Amino acid sequence: MAVGLAAGYAGLLLGGRTVTPVGPTDVQLSLRPSLHGGTTLELPPLGSLQLDTHWAPVSLEASITDVRPEQAQLLIENGTEVDRLTDQITEQIRDGIVTVLVRAALIALLAGFLAGLVVFRSWRRAFLGMASAALGLTGVIILSWATFNPHSIAEPRYTGLLANAPQIVGDARSIVERFSEYRAQLARLVGNVSELYTTTSTLPTYEPDPSTLRVLHVSDIHLNPAAWNVIKSVTTQFKVDLIIDTGDLMDHGSAAEDRFADDISDLKVPYVYVRGNHDSKGTEEAVADQENAVVLDNETREVKGLRIYGVGDPRYTPDKSTRDDFTGAGQIRAEGLRLAAELRETGTVPDIVAAHDPTEGEAFSGVTPLVLGGHTHARSTKLLPTGTRLFVQGSTGGAGLRGLEHEEPTPIELSVLYFSRATNRLQGWDDLRLGGLGLTSAQIERRLEPDPDRTIDPSP
């Protein structure tokens with residue numbers, strides 16, 4: 001009996017897989033071994049959505065395998081198409097689930113029969129094995145049916161970037177009160193997912209491969225704990241090799257804030273950091289205490305094969321006794337020119353220069369192919385006359401509490417930069433933008449470097 005049950009369970013999992021059309025998408029439905037059951041909707045690289053639909057030793061996993069661009073575009077442009085989809089996708093999902101269950105049941109029974117025949121070489125034991133598999137299958141079905149929770153759609157759990165964009169399921173929590181509208185909500189889910197996938201399918205066609213080095217550029221976190229969740233998700237989903245933080249990790253640089261840096265050690269990839277004008281020397285030390293941190297202040301280090309020069313901001317503006325608030329752009333640029341001249345004299349040509357204030361960073365034009373900065377809380381990039389690209393990151397912390405001072409909250413911004421391991425040159429990047437506090441928008445935009453191997457002219 002145990003042989004039949006084990007073989008039946010294995011057959012259930014092996015046979016429980018099919019691809020079914022759902023609106024403009026193709027969705028793979030699979031049965032997976034599980035201790036808790038439930039249903040998972042995978043939306044790589046955005047993350048996943050989990051529902052506690054049932055409790056059983058089997059879970060249902062749905063993942064989008066393809067999007068038909070023409071149908072998806074029609075759905076986006078014509079709002080009435082969503083209404084038309086309501087009945088269609090309900091039937092398609094039901095048919096897909098029935099197909100998975102029937103296939104899984106047939107293969108489970110066959111597996112139980114064959115296991116009994118192979119192990120015991122007896123027709124009687126073979127049919128007994130099939131009966132055992134049928135018994136186990138019946139138990140799984142009864143358990144799933146008895147524990148089915150139709151209200152689970154109102155209590156989804158999000159992981160990855162979806163944790164910051166729950167609007168993808170539409171007005172989910174209202175479904176409990178308006179359960180008759182469930183199918184319309186389901187149609188909206190398909191529409192929103194289709195729009196996301198159609199948008200990302202139009203990105204330029206640079207395809208990162210094993211020869212690509214992925215660098216996550218963050219800046220101006222400003223003591224916002226929500227930033228760590230975003231950084232962790234992007235690091236995982238985009239398979240980031242290292243992170244570069246161009247400063248203003250803290251708000252005041254006080255000793256009480258130092259513990260905020262402890263989350264760096266949870267990221268499990270090298271974390272290169274330069275001090276911002278809101279970070280103190282104590283902040284710098286707190287970051288340096290993290291085992292995966294690389295703190296740079298007027299020095300060059302090789303990290304994951306990239307030569308990175310970093311310099312901490314010369315100001316510490318929260319300390320009003322220093323009068324650093326009155327340090328002008330001219331003084332900041334002069335300091336940058338002095339350091340750039342020193343760097344030239346060493347003969348070192350870094351692949352990246354990291355400086356908090358782009359005014360100081362721009363002084364390294366002609367010294368390096370790429371300068372990373374922050375400070376302005378607004379993302380921008382420009383190609384300087386020397387061939388150096390100045391890349392200014394927005395605020396990965398949504399400017400902290402300052403993000404609430406404006407009419408609209410400051411968005412959370414960060415970028416994944418793609419480098420060739422052969423040349424250490426930037427090939428392209430993905431700009432990620434999430435709505436700030438109270439907003440639920442999410443945007444990914446790909447940019448390509450038009451001439452990655454251009455000559456860098458040391459003369460401006």
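All of the numbers you see were taken from the coordinates with simple rules; none came from a lab. Bear in mind that the values here come from a model prediction, so they are computed numbers and not experimental data. Positions of Cβ are backbone-derived with ideal geometry, glycine not excepted, and every protein chain shown enters the neighbour counts.
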Notebook entry, point to check: When the Karplus curve 6.51 cos²θ - 1.76 cosθ + 1.60 is applied with θ = phi - 60°, which whole-Hz ³J(HN,Hα) does each residue of segment 355-372 get, with x for Gly and Pro?
Noted result: 9, 4, 8, x, 4, 6, x, 5, 5, 8, 4, x, 8, 8, x, 9, 10, 9
Item checked: Distance (nanometres) between label positions extended 7 Å along Cα→Cβ at residue 211 and residue 35 -> 4.4 nm
Item checked: Extension reserve of the residue 265-residue 95 stretch, reckoned as 0.36 nm per residue once the Cα distance is removed -> 56.5 nm
Note to self: Output wanted: per-residue J couplings in Hz (rounded whole) for segment 379-396, from phi through Karplus 6.51 cos²θ - 1.76 cosθ + 1.60, θ = phi - 60°, x for Gly and Pro.
What the structure shows: 6, 7, 8, 8, 9, 7, x, 6, x, 6, 9, 9, 10, 9, 7, x, 9, 6
Checklist line | Inter-label distance, nm, simple model (7 Å from Cα along the C-beta direction), residue 331/residue 19 | finding: 6.4 nm
Next item on the list: Based solely on C-alpha atoms, express the radius of gyration and the Dmax of segment 212-448 in angstrom.
Entry: 16.4, 50
Next item on the list: For segment 228-239, take each phi angle, set θ = phi - 60°, evaluate the Karplus expression 6.51 cos²θ - 1.76 cosθ + 1.60, and give the result in whole Hz per residue in order, putting x for glycine and proline.
Entry: 5, 4, 5, 4, 4, 5, 5, 4, 6, 5, 9, 6
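How high is the FRET efficiency from residue 421 to residue 345, r the C-beta distance, R0 25 Å, rounded to 0.05? Intermediate results must be reported in sequence, preceding the final value.
On the way: r = 29 Å, r/R0 = 1.15.
That pair, residue 421 with residue 345, gives E of 0.30.
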Margin query: Starting from the 7 Å offset along Cα-to-Cβ, what nm value, one decimal, do you get for the label separation of residue 135 and residue 121?
Written below: 2.6 nm
Check: For residue 58, which sequence-distant residues (separation of 5 or more, or a different chain) have an amide H within less than 5 Å of its own amide H, given hydrogens modelled in the peptide plane?
Finding: 34, 37
Next item on the list: Taking a cut-off of 25 Å between Cα atoms, list the lysines near residue 304, but don't count ones fewer than 8 places away on the same chain.
Entry: 232, 239, 268
Item checked: Theoretical gain in end-to-end length, residue 384 to residue 448 [0.36 nm per residue, Cα-Cα removed] -> 21.4 nm
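Subtracting the Cα-Cα distance from 0.36 nm times the residue separation, let me have the gained length for residue 142 to residue 285 in nm, one decimal. Spell out each step's value before the answer.
Numbers: separation 143, 0.36 × 143 = 51.48 nm, distance 5.84 nm.
Taking 0.36 nm per residue and subtracting the Cα distance, the gain is 45.6 nm.
Find, among the GluC sites (Glu not before Pro) in segment 266-301, those assigned to loop by DSSP (not H, G, I, E, B) with at most 12 other beta-carbon atoms within 10 angstrom.
On the way: sites: 284, 285, 291, 299; in loops: 291.
Those satisfying the criteria are 291.
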Check: Where does each of 348, 18 land when they are ranked from fewest to most other beta-carbon atoms within 10 angstrom?
Finding: 348, 18
Checklist line | Placed amide H near residue 244: partners under 5 Å, 5+ positions off or other chain | finding: 216, 217, 218, 272
Check: What FRET efficiency comes out for the pair residue 455/residue 304, r = Cβ-Cβ distance, R0 = 30 Å, nearest 0.05?
Finding: 0.75
